[in-house]
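To keep things clear, I will list the structure first and then write my remarks on it.
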Amino acid sequence: MMLRNSILGVVALIAIAILGYGTYISFGLDEGEIAEGKDYRVIDNPRPSRPGEPIEVVEFFSYACVHCKTFDPVIESWAEEQGADVAFRRAPATFSPQYALLSQTYFTFEQAEVLDQHHTRLFRAIHDSGRQFLRPEDVADWVDGRGISADEFMRVFNSPDVRQAMRDADRDQLAYRISATPQLVVAGKYVVGMTGGQRRALDVVDYLIAKELNPTAETASATN
């Protein structure tokens, strides 16, 4: 009886810790002034942007990442509120063979124009239903008849365009030193993580966008 109670106590503590961490990632507890090194990291040798182009915000994510699933409707709502000055896109991470498979799946959906139909559905299949996708054929069977056939999925999955998209994703992941998901890259210059929670991360993104749109404002305030 004592052993059983001890085991149940340990399990309860683990469950509380996991719940607490998930709550922290989702909402965050961090407040105060936004600061480099705490809220964001400056990228070494950032790519130059062209004048007049929208400020790009890239979310590095994976369908295998449960925090990406909870963040997805939040970042989607945020993106819908942005004007013409901001361009949002996703970049699937390729940390492992499973991540790479799901990354290639994302680009396949995008290329086949069925991403809207399957994006949220794939998150739910993995995290709500416990579905495992170990081979591209597993995904092909899962999507078969829902806007795309299994054969068409496999054709697009192995197409040159999707393979090039994978190479570009690998290149950007290395260039920005992305090591976790979800993470956000703003203007090709700043990496924003989730250490302060999802809402805090978007506050930081808004701050960096404003900084890029009006760089002289910060300079002026710093000299006054």
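What follows is calculated from the coordinates using simple rules that are stated; it is not laboratory data. Just so we're clear, the structure is a prediction, and the values are computed from it rather than from any experiment. So basically every Cβ, Gly included, is an ideal-geometry build from the backbone, and we count neighbours across all protein chains shown.
Scanning residues 5 or more positions from R131 or on other chains, those with amide H under 5 Å from its amide H are I126, with H placed 1.01 Å from N in the peptide plane.
Rounded to the nearest Hz, the phi-derived 3J(HN,Hα) couplings of the stretch 130-146 under the Karplus curve 6.51 cos²θ - 1.76 cosθ + 1.60 (θ = phi - 60°) are x, 6, 10, 10, 9, 9, x, 5, 5, 5, 4, 5, 5, 8, 3, x, 10, where x marks glycine and proline. As a calculated quantity, the FRET efficiency between R171 and V66 at R0 = 41 Å, using C-beta atoms, amounts to about 0.95.
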